[in-house]
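A short worksheet on the structure shown next.
What follows is calculated from the coordinates using simple rules that are stated; it is not laboratory data. This structure is a prediction, so every number in the text was calculated from the model and none was measured. Note: ideal-geometry Cβ built from the backbone for every residue, glycine included; neighbour counts use all protein chains shown.
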Amino acid sequence: MAITQENLDYMSSKGCKLTVSGVEAYAGMIIPPAPTFRIDIIDGSLFPIGGSQFITTNTITNYDMRDNISGTRQIINQKFSASPTVCSFNLTTIPYYEFKQTDINNLNAQHVKAYINNELVVLGSKLKAGSVLKFVCDSGYKFDTENTLGQNPQPSYSQQRMSQTTNSGGVIPTTNEGTIATRNIVNDSTYYIYNSFTYLTVPYTPPKPKFVCMVITQAILNKLINVKLLVNNVEVVLGQELHVGDVLKLQANSNYYLGTGNELVSSENYQLDIPFSIGGDSKPTTGTLTLQYENTYNDINIRAFPISVNLFTISQEIMDYIETNKIDMLCNGTYIYSGRVLVQGDNLNIKPKTDFKLVLDNCYFLDDYNNQVYFQGTETNANLSLTDSTPLSNLVLETVSIYNPETDIRLTFDSDMQAKLQANNASMFINGVPVSIGSTAVNGDVIRIKANSGYELADRPSMLSYDPNYGFNNTVYFTLLSDNINAELTVNLSEANFLTNLEVITTQIDIVAGANNLYKITKADLKQINIDRFVTNGGNPPSVIDYGTNILGVINLPFNINPDLIQDPELIKLGTHETTVTAPKVVTDKLYLNLGDINVPMPENSLGFTNATALIHLPYANSLTLDINAVMGQVINVEYVIDLYNGNSYVNIKSNKSDSIIASSSVDLGINIPYSSMLGDNNTVYNSNMSLGGDNHVKTPYIEIIQNIPILGNGFFTTPITAESKLNNELGFIQVENISLNVTATSNEKDMILTALRSGVIIND
């Protein structure tokens, strides 16, 4: 069977707790085979002897309500050999004693009041385990010292005497002039219950109250900062009365002494003020006085001063020693310094720096007697109070690194490393991710050094493995890969070592196809090259050699070239002929230019896709029509791939919907400057056939969504109208299929106009 909630509620109503085979019972608990049922009384009551029952399916079984091990009547501990089907329980609990009317009458007759846990006993009050039973005589009465005050247990083995401090037998207590008696009801007597109480009182005249000379107030306690006040060798407490005959003692705290002027102050007459008698020591620590007269005092004057004993002076050598051991030391909450004098009463604190812990067995001062005075605390925080007056001779400290090879940071990318990489045209990656200031690496991470475009690694990069415990520096080399562009290092350091002091060297290389060179030149450079290209030989007659035939082309790009692709200036050669022009070298013949992303919002409803056209407008290129479904609600990326020899370029449009190119076109972005053999005046070449290049005044790519606004879905007004007419007669959105174009323009400009008309334009006026 299972334990039911009804079983648990019944136990609670009886002040009991049920445990089955060592597990506290819960609703739905399945009773295991051969279980042990334990029932504990938790409200301090007792089980009677016999009478409580387990009720099973077929039987009602009575049990003696005593645990068979301890004999207590507060536990049932019953083991079953089989698995009983317990349906319910029938429990009876009783208190140790329940006060009857005869008890109340006897209390009144004997001029006594009874209390259970400081609550007045009335008819029906119950004694349970944990109760404190107290009898208090009325004023003018006390317990008869010739008679025993006690309880009669059941069965009646012996009378249990009342005592103020113990549960064992004893006579009426003599404290409080014999007017109070108490007994604690505890579990060591739980075999018994009680059937009566006996006590006898006699008339009593209390002695005359002692004269109160002073009452200890909070204001007086607040003055006891550096001293203690004792009365009859017991420290005073709030509200305590001081009487004639009491002996008062002032005791200075450690590292303090008593000055003159310590006295009790009278509220009646200053002539009644009485001083403490202070010893003849130069720095006394105690003072006494006896209250001899019936005078009243309401205040106390305290004069206590610190004892300053110089114990140790912090030298620069000690400061260096503390720093070497990776420790911060504070005195009275502030950092120590060279020349700081430690005195008696100072409180020292030591903390290890990050990634270190204290070795407490080796953190101490040596005094003049070579005794070790240890710091106390934890591996991360320890303290020492200098309470002794013995001077200190030396300081011993030790820390060790906190070593966790899996999580300890072995490299932290900082500004020095960044500057070193920038100066040497290289980049760093950790596990393939570009680093930034603060990036970290642990054991097992792969650090990669990569030379920038146009450069290669001249040798293996290296770093230093630094041991903070000993300061050792070991060189750790990267592995140079076969491309000479990349080098890798898998972090694998022992103890608390970390990597520092990056060293990397690169050299400049060409990545331009073939043996050709590309240069970034100015107009002045071009003019000078046009002069330098011609060389006159010394023949008869003399002839002119044109080295300009070695120039493959000159183009004017509308975009800037990434500075990473530009190397230091070089002397320009035309074949074997050296010109006088020096210009920066461009290290690639392909320029990949990312013009950024365009976020296209999703329309509010499906009508946004109806009769809609997506046009992307591009700098220096014709507009392109895009698939509306690949554009709406997507991120569109634009990239130009430019051939730096001739300006021929590919425009790639990518959508994040499929992460693929959705449109592409080719465009000539360069203004070609042809080098002909035709000479003008002064041996200057005239580039009279220079193309215009195609500037359409678009600086940033953008997408235009063109849509016929529907009046009725699929209605008459949403149906395209096909017509033939002149454009100057039309308004609104126009998409041209065929046109006779009569304009004055270059061929490139005509192509741009035709492309725009075929894609669709809006004519406003």
Extension gain from Asp695 to Val234, taking 0.36 nm per residue of separation minus the Cα-Cα distance
155.8 nm
At R0 = 30 Å, how high is the FRET efficiency between Leu272 and Phe305 if r is their beta carbon distance? Nearest 0.05 is fine.
0.65
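Name the shape class, rounded, prolate or oblate, that the alpha-carbon gyration tensor gives for segment 476-607, where a ≥ b ≥ c are the square roots of its eigenvalues, rounded holds for a/c under 1.5, and otherwise prolate holds if a/b is larger than b/c and oblate otherwise.
Because a/c hits 1.5 or more and a/b fails to exceed b/c, segment 476-607 counts as oblate.
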What nm distance separates the two modelled labels at Glu704 and Thr313, each placed 7 Å from Cα along Cα→Cβ?
8.8
Mind checking segment 200-301 for trypsin sites (Lys or Arg not before Pro) that DSSP puts in a loop (not H, G, I, E or B) and that have at most 14 other Cβ atoms within 10 Å?
Lys210
Could you calculate the contour length gain from Asn646 to Thr475, that is, 0.36 nm times the residue separation minus the distance between their Cα atoms, to one decimal place in nm?
56.7 nm
Treating each Cα of segment 212-306 as an identical point scatterer and ignoring solvent, apply the Debye formula and state log10 I(q)/I(0) at q = 0.11, 0.13, 0.15 Å⁻¹.
-0.28, -0.39, -0.52
What's the FRET efficiency of Ala27 with Thr92 using the Cβ-Cβ distance as r and R₀ = 22 Å, to the nearest 0.05?
0.35
How about segment 278-375: which trypsin sites (Lys or Arg not before Pro) there lie in a loop by DSSP and see at most 15 other Cβ atoms within 10 Å?
Lys353
Can you give me the long-range amide H partners of Ile193? Hydrogens built in the peptide plane at 1.01 Å from N, cutoff under 5 Å, separation of 5 or more residues or another chain.
Gln154
Holding the Cα-Cα limit at 20 Å, pick out from Lys523/Lys750; Lys14/Lys128; Lys520/Lys573; Lys113/Lys134; Lys249/Lys283 the pairs that are longer than that.
Lys523/Lys750
Order of 308-318, 483-493 by packing, highest average Cβ count within 10 Å first?
483-493, 308-318
Considering the zone a paramagnetic label at Ile545 would reach in this model (a point 7 Å from Cα along the Cα-to-Cβ line), which residues of segment 567-595 have amide N under 19 Å from it?
572-581
Enumerate the amide H contacts of Ser88 below 5 Å, restricted to partners 5 or more residues apart or on another chain; note that Pro and chain-start residues carry no placed amide H.
Ile55
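What ranking do 23-31, 588-596 get when scored by the average of other Cβ atoms within 10 Å per residue, highest first?
588-596, 23-31
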Nearest 0.05, what FRET efficiency do Ser12 and Lys353 give at R0 = 60 Å with Cβ-Cβ as r?
0.55
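Give the Kirkwood hydrodynamic radius (Å, one decimal) of segment 385-542, defined as one over the mean of 1/r across all pairs of different Cα atoms.
One over the average 1/r among Cα pairs gives 20.1 Å for segment 385-542.
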Let me know the volume per residue of the alpha-carbon convex hull for segment 536-664, in Å³.
124
Order 32-44, 734-746, 633-645 from most to least packed using the mean count of other Cβ atoms within 10 Å.
633-645, 32-44, 734-746
How many times 2.2 N^0.38 Å is the alpha carbon radius of gyration of segment 310-401?
0.98
For Ser45, which sequence-distant residues (separation of 5 or more, or a different chain) have an amide H within less than 5 Å of its own amide H, given hydrogens modelled in the peptide plane?
Ala129
Please give the length that would be gained between Gln101 and Glu119 if that part of the chain were fully extended, namely 0.36 nm times their separation in residues minus their C-alpha to C-alpha distance (nm, one decimal).
4.7 nm
Expected vector for segment 5-17, Karplus 3J(HN,Hα) from phi with 6.51, -1.76, 1.60 and θ = phi - 60°, integer Hz, x for Gly and Pro, equals 5, 5, 4, 5, 5, 5, 4, 4, 5, 9, x, 10, 10
Would you work out the relative contact order for segment 409-508, in percent, from Cα pairs under 8 angstrom that are 6 or more residues apart?
33
Take the Cα coordinates of segment 253-297, assign each an equal point scatterer, and use the Debye formula without solvent to give log10 I(q)/I(0) at q = 0.16, 0.22, 0.29, 0.30 Å⁻¹.
-0.49, -0.77, -1.04, -1.08
